[in-house]
1. Under the Kirkwood approximation for Rh and a Cα-based Rg, what ratio Rg/Rh is obtained for segment 152-245?
2. In terms of modelled amide H atoms, which long-range or inter-chain residues lie less than 5 Å from the amide H of S50?
3. Over all directions, the average projected area of the alpha-carbon convex hull for the chain comes to how many nm²?
4. Between M104 and E41, what's the calculated FRET efficiency when r is the beta-carbon distance and R0 is 30 Å? Round to 0.05.
5. Which of N97, N45, N255 moves most in a GNM of the chain, Cα contacts under 10 Å?
6. Provide, as a two-decimal number, the C-alpha radius of gyration of segment 1-101 over 2.2 N^0.38 Å, N being how many residues it has.
7. Cross-link list K250/K305; K146/K228; K223/K250; K39/K250: which exceed 18 angstrom alpha carbon to alpha carbon?
8. Most fluctuating residue of G24, G139, G154 in a GNM of the chain with Cα springs under 10 Å: which is it?
Amino acid sequence: MSVQQEFVNAVLAGAQEGRKPFGGAFAPSNIALCKYWGKREPALNLPLTSSLSVSLGRLGTETCIHLKEGAQDAIALNGAPVAADKSFARRLTGFLNLFRPEGMCFAVETRNNIPTAAGLASSASGFAALVLGLNDLFGWDLPRQKMSMLARLGSGSAARSVYDGFVVWHAGASDDGLDSFAEPVRFKWPDFRIGILELCTAEKPVGSRTGMNRTVETSTLFKEWPQKVRHDLNRIEVAIATRNFDLLGKTAESNALAMHATMLDAWPPLMYFQPESVAMMHRIWRLREEGLPLYFTMDAGPNLKLLFAAGHEAAVKEQFPDVQVIAPFEG
Ligand code: PMV
């Protein structure tokens, strides 16, 4: 039995099954303010460090799932069937194999309302919605921590997408992976805003999984990363608890840039910045010098996500008329 299957069996141990004809669920996308970058164990997606994110409210993935007879799973994305040999379908089917009743196939309809062109990760909300949907279909009634562990197997950052608001994913230390799950942070911040800007739709040169492994294996700067994360995570938790926006913005921006520094130090080097990304950083730094408390974060893609407080929304919109503003704690 694979290590993943053993893990799934351990998580599901003791769960009662009360199968329904259909399962359905929504999960939000999330943006990390203190990043997850580097695994200590790849098969179970166990991270080297803890991380902290904010979920994007109503932006995410809606998934509907049922069991069917037949030779293969039927997968549809945003209303269009996805051929079984496409990487998206293969990744989903591989994950569903861990939960498949003998001789049965799944029909999965999944819809993203995330602006995909802006390079927002849909794998986090996608795997989280799939696990929430499976829980609904099979009637397991699992606690969220367990669903976080299951979603983690599909994509690390999906561990955080089973909750709204600020979320911390504890790295855990055990080899069995049963202590690596996410939990909500108890503080909310209604005035917190995220701005999504589509700068550049260039295809990612290297996916996050490959990029992460390459960085861990080859970057010497990466040795400093766990210490940087401990420091930043602590500051971000304090910033959230005390609603200190400058501390939050400064720490999140510095954390993202440090992550990108470890990527630049990898071999072959990894650079997700495009010229537009760099120009945008300089613009944000200039606006900040002029007095606008605006910060950014950036993941394994060329787009920046703006971080600001509601009171500065008008000023941000004036500077960036195309920005899509997300209020993670509203509605
Ligand atoms: O969950 P993955 O394997 O797609 O990795 C996510 C990595 C980052 O988005 C760069 C950081 C994070 O914590 O979300």
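1. 0.99
2. Here A171 satisfy the definition.
3. For the chain, the mean projected area of the Cα convex hull comes to 16.9 nm².
4. 0.50
5. Comparing N97, N45, N255 in the GNM, the peak value goes to N97.
6. Its radius of gyration relative to the 2.2 N^0.38 Å reference: 1.28.
7. K146/K228; K223/K250; K39/K250
8. Judging by the Gaussian network model, the answer is G139.
The values are calculated or read from the model by the stated rules, or taken from the named source; none is laboratory data. Remember, it's a predicted structure, so these values are computed and weren't measured experimentally. Cβ atoms come from the backbone with ideal geometry, glycine included; neighbour counts cover every protein chain shown. Side chains are part of the model used for accessible areas, which takes the heavy atoms of the whole protein and leaves out ligands, DNA and RNA. Shrake-Rupley method; radii C 1.70, N 1.55, O 1.52, S 1.80 Å.
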